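*Asks:* Pasting in a structure now, in structure tokens, and then I'll have a few things to ask.
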Amino acid sequence: MLAIPGRLLALIFFVVLFFIPLFLQGSSGSYYLRIFIFANMYVIFAVSWDLLSGYTGQLNFGHALFFGVAAYTTALLNIHLGWQPWATIPIGALAGVIAGLIVCLPALRLRGPYLALVTLAFPLILLGIIFAFTDFTGGELGISGLDRISDSRTTDYYISVAVMIVSVMIMWKLTDAGSSIIRTGIVFHAIREDEIAARASGINTIRYKLLAFAVAGFFAGIAGAFHAHFMRIAGPSNLELVLSFQVIIWTVFGGITSIYGPVVGVYILFPLMEFLRAAPEVRYLIFAGIVVIMLLFMPEGIAVWVRDKIERECPRCKLSNMAFRKTCRACNTYLYEHAGD
Amino acid sequence: MVEGIIIQGLIKGGTYALLAVGFSLIFGVARMINLAHTCFYMLAAYGIYYFAKELEMPLAAAVVLSLLATTVIGILTYRLFIDRVREHHVTVMLITLAMAMIFQEFMIMAFSSEPLGTPSFVSGYWTIIGVKVSYQNLLTFGIALAVLVCVWALLSKTRLGVAIRATAQDSEIANLMGINVRRILLITMALAAALAAIAGAVVTPTLTLVPTMWTSPLVMIMAIVVLGGLGSVKGSFIGAFIIGFIEVLVVFLLPGGAFLKGAFALLVMVLILLIRPEGLFGVAFEEERL
């Protein structure tokens, strides 16, 4: 673990997350904790997009659908049936799974830009329905007055950190191509790279694509349901195009197909957007400007760029090494080509 | 009512066709999804407002200036930002989206987000089979048709058109045949931006201008282009009228239709794609087929 700088940084990050509330006390601390809670939820959301679109290659431009469906399901169950968050959040996540499977039906026949544009349509169709039947869905205002997750902000924070770490770890394991226990990781990579070849190798790609959509729907659903309970409202903004694009921007900014990329992306961009509230006129301008400049100079994403600076993959045994080592820690191969000796 | 639906549908379809053909053209030639496409439509509309109302220029001069300015902005956007990352599809989409946001924010800074109006180019109306159609709407439809015919002629009758189509089919082979692919891409981008700007110019008088006016047509033209088959100009032309008519039908016939029109149009797109995954007139390329 400690031999790989990237893993070490991730460990430090998680440890720091546990101690953050100690430094954020009082009312302004409560405001900052709120930002972190949102960031944790969006991390789950962005990582689930990375699993679906980055790893499996099913370009989803309507990821907000899973988020919104879960948020609305949670809100309706909580308001009309009076169910508590511990029951509504898992059911919301299951609603996300169902939404994922429904979207997957056309997705089985489509790919690339066609898939992107069809997935884009789903949340907008739902949004149209929500605006047309306002007495059930609350229309523009949404459904408000949901129960809180807990009474204190700090408890909310710890719950969100725990859910985030567990979800990210599960998705990281599911997409780990080198894993000897589960083969989903390598299959997802195979589907993205060449689906026909994957099929020819005897992989039931349809089943794995359904799995990818269901898993992504589940975790995006958790994020959406948690968000609804924390905000105490489920509204049209949970389904809007902006949210679907936001998640893509976070992930690509951090580094697509890397799991830690979206984590880094959300943790940089989301607080940045909150601090830019101080300058509302130029907020989106600065945001868009940063995204453009970043994409022009680090097209692979900031986390991947940093990783390549601090880690070096051994050319022979594919093990990650610290960048300053001359030889691989396992097989002693030279990590860099060098002239002379 | 039937006459109303037909006439409104034709006008709606005409504007959508202008936008969709440009979007389809640039996708077909450069294989890039330009999410800033309808921004040029927004920029042209604001340009006309600025030149005609704030600088008090004659309307014709304002329109021409605005079209030119928008096309130049389109070329610059392509040259400075898109061209460098053209190989990465997702990056292109994100960069164009970010550009769209930047344009929108600049318009908010310059004109605030208050709705603005521009005067009609022509006043008065004409009664066709019992329906009052304003000359403005007729002009919109007429210009849309005329421009589309010009585009068709350009693509099928001129050497430039042949070069554009060749690049769309296979840019590497086109390059080997002595076509300057980079220049063709730039010309196509300029053409697409100009088409979007013309669409913006002809609908300006019938709309109120807000800086976010680019989002809803963007979704609709993406639906149209996918419906017609990505990269097929004929497909997007026909798709535009299908979607335009569906929108008008839903608004006329359903209660709450104004909210459902987008949803219905998108639903039709999804259903057609379920039956024909490559769109109505799309060609399924071997390497893109599933």
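*Asks:* Regarding A:LEU22, is this residue assigned to a helix (DSSP H, G or I), over 16 Å from A:PHE230 (Cβ atoms) and without any contact (Cβ under 8 Å) to a residue 40 or more places away in the chain? Lay out the reasoning, then the answer.
*Replies:* Working: assigned to a helix (DSSP H, G or I): yes; over 16 Å from A:PHE230 (Cβ atoms): yes; without any contact (Cβ under 8 Å) to a residue 40 or more places away in the chain: yes.
So A:LEU22 fits the description; yes.
*Asks:* Which condition number in (1) within 13 Å of another protein chain (Cβ to nearest Cβ); (2) modelled with pLDDT of 85 or more; (3) buried (at least 19 other Cβ atoms within 10 Å of the Cβ) is the one that B:LEU80 fails?
*Replies:* (3)
*Asks:* Quick check on region A:73-121: of everything there that is in a helix (DSSP H, G or I) and aromatic (Phe, Trp, Tyr), which residue is farthest from the other protein chains (Cβ to nearest Cβ)? So that I can check it myself, show each step before the final result.
*Replies:* Residues of region A:73-121 in a helix (DSSP H, G or I): A:73-81, A:85-107, A:112-121.
Now narrow it down to the ones that are aromatic (Phe, Trp, Tyr): A:86, A:114.
Values: A:TRP86: 34, A:TYR114: 6 Å.
Per the stated criteria, the residue is A:TRP86.
*Asks:* Could you check B:CYS39 against (1) touching a helix residue (DSSP H, G or I) at 6+ places or on another chain (Cβ under 7 Å); (2) assigned to a helix (DSSP H, G or I); (3) more than 14 Å from every other protein chain (Cβ to nearest Cβ) and say which number it fails?
*Replies:* (3)
*Asks:* Please go through region A:108-123 and give me each residue that is surrounded by fewer than 23 Cβ atoms within 10 Å (Cβ to Cβ), hydrophobic (A, V, I, L, M, F, W, C) and either farther than 26 Å from B:HIS89 by Cα or touching a residue at least 40 places away in the same chain (Cβ under 8 Å) (or both), ordered by number.
*Replies:* Of everything in region A:108-123, just one residue is surrounded by fewer than 23 Cβ atoms within 10 Å (Cβ to Cβ), hydrophobic (A, V, I, L, M, F, W, C) and either farther than 26 Å from B:HIS89 by Cα or touching a residue at least 40 places away in the same chain (Cβ under 8 Å) (or both), namely A:LEU108.
*Asks:* Let me ask something additional. Failed condition for A:ASP147, given (1) within 17 Å of A:PHE45 (Cβ to Cβ); (2) part of a loop (DSSP other than H, G, I, E, B), with all others met?
*Replies:* Of everything listed in (1) within 17 Å of A:PHE45 (Cβ to Cβ); (2) part of a loop (DSSP other than H, G, I, E, B), A:ASP147 misses just condition (1).
*Asks:* Please name all residue pairs, on different chains or six or more residues apart, with Cβ atoms under 7 Å, provided the first residue is in region B:151-168 and is without any contact (Cβ under 8 Å) to a residue 40 or more places away in the chain and of a type outside the set (Val, Ile, Thr) and the second residue is surrounded by 15 or more Cβ atoms within 10 Å (Cβ to Cβ) and not in a helix (DSSP H, G or I).
*Replies:* B:ALA163/B:ILE179; B:ALA166/B:ILE179
*Asks:* If you scan region B:3-31, which residues turn out to be surrounded by 24 or more Cβ atoms within 10 Å (Cβ to Cβ) and outside any helix (DSSP H, G or I)?
*Replies:* none
*Asks:* In region B:87-104, which residues are without any contact (Cβ under 8 Å) to a residue 40 or more places away in the chain and within 7 Å of another protein chain (Cβ to nearest Cβ)?
*Replies:* Step one: of region B:87-104, the residues without any contact (Cβ under 8 Å) to a residue 40 or more places away in the chain are B:87-88, B:90-91, B:94-95, B:98, B:101-102.
Residues satisfying the conditions are B:HIS88, B:VAL90, B:THR91, B:LEU94, B:ILE95, B:ALA98, B:MET101, B:ILE102.
*Asks:* From the list B:ALA60, B:ALA110, pick out the single residue that is more than 14 Å from chain A (Cβ to nearest Cβ) and assigned to a helix (DSSP H, G or I).
*Replies:* One residue alone meets the criteria, B:ALA60.
*Asks:* So which helices (runs of 4 or more DSSP H) are wholly in region A:236-341 and hold at least 1 residues that are within 10 Å of another protein chain (Cβ to nearest Cβ)?
*Replies:* Qualifying helices (runs of 4 or more DSSP H): A:241-254, A:283-297.
*Asks:* Identify, by number, the condition in (1) in contact (Cβ under 8 Å) with a residue 12 or more places away in the chain; (2) crowded, with 16+ Cβ neighbours inside 10 Å that B:GLY117 doesn't meet.
*Replies:* Against the list (1) in contact (Cβ under 8 Å) with a residue 12 or more places away in the chain; (2) crowded, with 16+ Cβ neighbours inside 10 Å, B:GLY117 comes up short only on (2).
*Asks:* In region B:207-231, how many are within 30 Å of B:ALA110 (Cα to Cα) and in a helix (DSSP H, G or I)?
*Replies:* Summing the residues that are within 30 Å of B:ALA110 (Cα to Cα) and in a helix (DSSP H, G or I) in region B:207-231 gives 8.
*Asks:* Among the residues of region A:147-162, is any surrounded by 14 or more Cβ atoms within 10 Å (Cβ to Cβ) and farther than 30 Å from A:GLN25 by Cα?
*Replies:* No.
*Asks:* Something else now. Can you find even one residue in region A:124-141 that is surrounded by 17 or more Cβ atoms within 10 Å (Cβ to Cβ), in contact (Cβ under 8 Å) with a residue 24 or more places away in the chain and away from chain B (no Cβ under 13 Å)?
*Replies:* yes
*Asks:* Which pairs have Cβ atoms under 9 Å, sit 6 or more apart or on different chains, and link a residue in region A:321-341 that is acidic (Asp, Glu) to one that is outside any strand (DSSP E or B) and modelled with pLDDT of 75 or more?
*Replies:* Pairs that qualify, where the first residue is acidic (Asp, Glu) and the partner is outside any strand (DSSP E or B) and modelled with pLDDT of 75 or more, are A:GLU337/A:PRO315.
*Asks:* Just to be sure, is B:SER156 within 23 Å of B:PHE241 (Cβ to Cβ), more than 14 Å from chain A (Cβ to nearest Cβ), of a type in the set (S, T, N, Q) and touching a strand residue (DSSP E or B) at 6+ places or on another chain (Cβ under 8 Å)?
*Replies:* So B:SER156 does not fit the description; no.
*Asks:* Out of B:ILE173, B:ILE242, B:ILE198, B:ILE224, report the one residue that is at pLDDT 85 or above and surrounded by fewer than 21 Cβ atoms within 10 Å (Cβ to Cβ).
*Replies:* Numbers: B:ILE242 fails: surrounded by fewer than 21 Cβ atoms within 10 Å (Cβ to Cβ); B:ILE198 fails: surrounded by fewer than 21 Cβ atoms within 10 Å (Cβ to Cβ); B:ILE224 fails: surrounded by fewer than 21 Cβ atoms within 10 Å (Cβ to Cβ).
Step by step, each of B:ILE173, B:ILE242, B:ILE198, B:ILE224 is checked, and only B:ILE173 is at pLDDT 85 or above and surrounded by fewer than 21 Cβ atoms within 10 Å (Cβ to Cβ).
*Asks:* Determine, yes or no, whether B:ALA190 is at pLDDT below 85 and among the small types (Gly, Ala, Ser).
*Replies:* no
*Asks:* Shifting gears a bit: What do you reckon, is A:SER179 over 21 Å from A:PRO85 (Cβ atoms), more than 14 Å from every other protein chain (Cβ to nearest Cβ) and out of contact with any His (no Cβ under 7 Å at 6 or more places or on another chain)?
*Replies:* yes
*Asks:* Kindly indicate whether A:VAL103 is of a type in the set (Val, Ile, Thr), crowded, with 23+ Cβ neighbours inside 10 Å and touching a helix residue (DSSP H, G or I) at 6+ places or on another chain (Cβ under 6 Å). Step through it out loud before you land on a result.
*Replies:* Numbers: of a type in the set (Val, Ile, Thr): yes; crowded, with 23+ Cβ neighbours inside 10 Å: yes; touching a helix residue (DSSP H, G or I) at 6+ places or on another chain (Cβ under 6 Å): yes.
It is true that A:VAL103 is of a type in the set (Val, Ile, Thr), crowded, with 23+ Cβ neighbours inside 10 Å and touching a helix residue (DSSP H, G or I) at 6+ places or on another chain (Cβ under 6 Å).
*Asks:* For region B:252-275, what are the residues that are within 8 Å of another protein chain (Cβ to nearest Cβ) and in a loop (DSSP other than H, G, I, E, B)?
*Replies:* B:GLY256
*Asks:* On the given criteria, is A:GLU311 over 22 Å from A:TRP250 (Cα atoms), of a type in the set (Asp, Glu) and surrounded by 15 or more Cβ atoms within 10 Å (Cβ to Cβ)?
*Replies:* In short, yes.
*Asks:* Then there's this: Would you be able to say whether some residue in region A:41-58 is hydrophobic (A, V, I, L, M, F, W, C), touching a residue at least 24 places away in the same chain (Cβ under 8 Å) and more than 29 Å from A:ASP308 (Cα to Cα)?
*Replies:* no
*Asks:* Please state which one of A:VAL264, A:VAL252, A:VAL247 is in the same structural domain as A:PHE61 (by TED's automatic domain parsing), modelled with pLDDT of 85 or more, farther than 20 Å from A:ILE35 by Cβ and within 24 Å of the chain's Cα centre (by Cα).
*Replies:* It is A:VAL252.
The values are calculated or read from the model by the stated rules, or taken from the named source; none is laboratory data. Here the structure is a predicted model, which is why all the values come from computation and not from measurement. Don't worry about glycine lacking a Cβ; one is built from the backbone with ideal geometry, like all the others, and counts go over all protein chains shown.
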